[in-house]
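Worksheet for the structure shown next.
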Amino acid sequence: DAEEYQPPIWKSYLYQLQQEAPRPKRIICPREVENRPKYYGREFHGIISREQADEILAGVEGAYILRESQRQPGCYTLALRFGNQTLNYRLFYDGKHFVGEKRFESIHDLVTDGLITLYIETKASEYISKMTTNPIYEHIGYATLLREKVSRRLSRTKNESRKASVTSEENTPVEKITSLVRRAALTQNDNHFNYEKAHNFKVHTFRGPHWCEYCANFMWGLIAQGVRCSDCGLNVHKQCSKYVPNDCQPDLKRIKRVYCCDLTTLVKAHNTQRPMVVDSCIREIEARGLKSEGLYRVSGFTEHIEDVKMAFDRDGDKADISASIYPDINIIAGALKLYFRDLPIPVITYDTYSKFIEAAKICNPDERLEAIHEVLMLLPAAHYETLRYLMIHLKKVTLHEKDNFMNAENLGIVFGPTLMRPPEDSTLATLNDMRYQKLIVQILIENEDVLF
């Protein structure tokens, strides 16, 4: 459990190498250089040759100067002494200094980071190439014994931990566990809807020493040492991120909103089978709106729909969308449609869009149905389940056609462009595909019992 858990022994070899790396030594120009760029200091030596730079830096490991190129005036070079030779790098400035992908506030930081990287790659190139071959990721947090301990603890204190998370985050058992074990505990204990989700890695600058949660090795450098998953907080080397499984367990504290959030991310963060917006809106509509004339076709007031959106973003599944607050059911229907429109990846994903359109063009009804069924199987699990649930609901809407005047074709016209959008933002493609979008949704509604 949380108290008994012992963190892994992080591998310190690369950290020790970083501590041993040469320190930067700025060689100041003894004379005042005319036309020195304002963003360079006294380390700028003006227009000098590579040979002159080599003489200035000779014998001083970590020494550096800046110079203007003789061959290309206006272009600047960082000359750096490392490994008993002078290395020359084309230097750029766009508000920050850089020679590669990383951008630095100062030349001193750039050189410090460069010397660390050069030293580690020189001393440990073979070690680095093998870092991903025996990762702790496959053991720490996923070992059977540890997993059982965490599950038992969370099972015993399920209600208490939920209360604690509201009153004091420090009391939540999960908070005391590393992100690896946290994900294992959630997977084993709470997360019944174990949809696959890739990590949302973004380059990150870590303050203070950090170790990779995949390979357990130190993440070296001054800035942009690795990547962090913005959904679950997993920290790994950039090269290790290619090997991490699609097992992201989003942390609710990192999910800032409900609308405009990736569908799979939202359901995994809230531990629900479908987005809670879909469940809440459909539950409300089926309770009091199935006979409403023009349901989904008649628009509610835009300001009120935005209010519902803000309520979900602010309160999640606690949002009050009852008749006492929003008596017009068209507001709730509008909020549901807006949720689908705002998804960064539509319910019918960009990857499957063209396959659905091609299936819709098949003339033979039986073959068309079979083709649509095959494409449905390609949808991510959370998208498939959301679409299935929506189609069951829309089928119920059509059963009240005498009152609401909404049949499968009418609903196809409304939901076609809402549920599927072409990958390329092309007005012409959208217009050409509209009849097929409508047809796909119509077929899904009419055959939901067969297709799902």
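The values are calculated or read from the model by the stated rules, or taken from the named source; none is laboratory data. Everything quoted here is computed from the prediction, not taken from an experiment. With ideal geometry, Cβ positions are generated from the backbone for all residues, glycine too; neighbour counts draw on all protein chains shown. Ligands, DNA and RNA are excluded from the accessible area calculation, which covers all protein heavy atoms including side chains. Shrake-Rupley method; radii C 1.70, N 1.55, O 1.52, S 1.80 Å.
Probe radius 1.4 Å, ligands and nucleic acids left out: which of 388, 435, 71, 207 has the largest accessible area, and how do the rest follow?
In descending accessible area the options line up as 71, 207, 435, 388.
Considering only the other residues whose Cβ falls under 11 Å of the Cβ of residue 402, what net charge follows from Lys and Arg at +1 and Asp and Glu at -1?
Value of the local net charge: -2.
Quick check for me: using +1 on Lys/Arg Cβ and -1 on Asp/Glu Cβ, what's the dipole size of region 12-130 about its Cα centre, in debye to the nearest 20?
My answer is approximately 160 debye.
Determine how large the accessible area of residue 108 is when every protein chain is in place; take a 1.4 Å probe and give Å² rounded to the nearest 10.
90 Å²
About the Cα centre of the chain, how large is the charge dipole given +1 on each Lys and Arg Cβ and -1 on each Asp and Glu Cβ? Please answer in debye to the nearest 20.
I would put it at about 1120 debye.
Find the accessible area per residue for region 319-404; the probe is 1.4 Å, ligands and nucleic acids are left out, and the unit is Å².
44 Å²
In debye, nearest 20: dipole of region 253-451 around its Cα centre with unit charges on the Cβ of K, R (+) and D, E (-)?
420 debye
Give me D for region 253-451 in µm² s⁻¹, whole number, from Stokes-Einstein with Rh from the Kirkwood sum over alpha-carbon pairs, 25 °C and 0.890 mPa s.
Reported coefficient: 143 µm²/s.
Please tell me the relative contact order of region 12-130 in percent, rounded to the nearest whole number, where contacts are Cα pairs under 8 Å and at least six residues apart.
Worked out over region 12-130, it gives 24 percent.
Distance check, please: which entries in 253/337; 130/256; 130/253 exceed 29 angstrom between their Cα atoms?
Table pairs above 29 Å Cα-Cα are 130/256; 130/253.
Leaving out ligands, DNA and RNA but keeping every protein chain, what accessible area does residue 219 have, in Å² rounded to the nearest 10, with a 1.4 Å probe?
Counting only protein heavy atoms, the figure is 0 Å².
Could you sort out which of 197/438; 202/242; 197/361 sit more than 20 Å apart by Cα distance in this structure?
From 197/438; 202/242; 197/361, over 20 Å: 197/438; 197/361.
For region 254-391, calculate the relative contact order in percent as a whole number, restricting contacts to Cα pairs under 8 Å that are 6 or more residues apart.
Result for region 254-391 is 31 percent.
Measure off 7 Å from each Cα along the Cα-to-Cβ vector at residue 70 and residue 93, then give the distance between these two points in nanometres to one decimal.
If labels sit at residue 70 and residue 93, their model points lie 2.3 nm apart.
State the percentage of accessible surface on region 253-451 attributable to carbon and sulfur atoms; use a 1.4 Å probe and exclude ligands, DNA and RNA.
Percent of accessible area from carbon and sulfur atoms in region 253-451: 51.
Given N residues in the chain, what is its alpha carbon radius of gyration divided by 2.2 N^0.38 Å?
Rg over 2.2 N^0.38 Å, computed on Cα atoms: 1.30.
Which is farthest toward the positive dipole end of the chain among 345, 87, 59, measuring Cα position about the Cα centre, with Cβ charges +1 (Lys, Arg) and -1 (Asp, Glu)?
59
Against the longest principal axis of the chain, how steep is helix 302-315, in degrees 0 to 90 to the nearest 10, with axes from Cα atoms?
That works out to roughly 60 degrees.
Kindly give the semi-axes, whole Å and largest first, of the ellipsoid equivalent to region 12-130, taking each as the square root of 5 times a Cα gyration tensor eigenvalue.
Equivalent-ellipsoid dimensions as semi-axes: 27, 15, 12 Å.
Just how much of residue 50 is accessible, in Å², when a 1.4 Å probe is used and the result is rounded to the nearest 10?
Counting only protein heavy atoms, the figure is 140 Å².
Could you name the aspartates and glutamates in cross-link range of residue 102, using Cα to Cα under 19 Å and dropping any fewer than eight places away on the same chain?
94, 113, 121
Within region 320-405, report the chymotrypsin sites (Phe, Trp or Tyr not before Pro) that DSSP leaves as loop and that have at most 13 other Cβ atoms within 10 Å.
The qualifying sites are 405.
Cross-link partners among aspartates and glutamates for residue 395, C-alpha distance below 15 Å, same-chain residues fewer than 8 apart left out?
Output for residue 395: 286, 403, 409, 446, 448, 449.
At 1.4 Å probe size, with every protein chain present, just tell me what the per residue accessible area of region 245-292 comes to in Å².
Result: 38 Å² of accessible area for each residue.
Counting alpha carbon pairs within less than 8 Å and at least 6 residues apart, what relative contact order, in whole percent, applies to the chain?
With pairs under 8 Å counted, the relative contact order is 11 percent.
What's the center-to-center distance, using Cα atoms, between region 297-352 and region 360-387 in Å?
Spelled out, the Cα-based centre of one part sits 26 Å from the other.
How much of the accessible area of region 12-130, probe 1.4 Å, is carbon plus sulfur, in whole percent?
46 percent
Among DSSP beta bridges whose residues both lie in the chain, state the antiparallel percentage, nearest 5.
Values: 22 of 29 bridges.
In the chain, DSSP labels about 75 percent of beta bridges as antiparallel.
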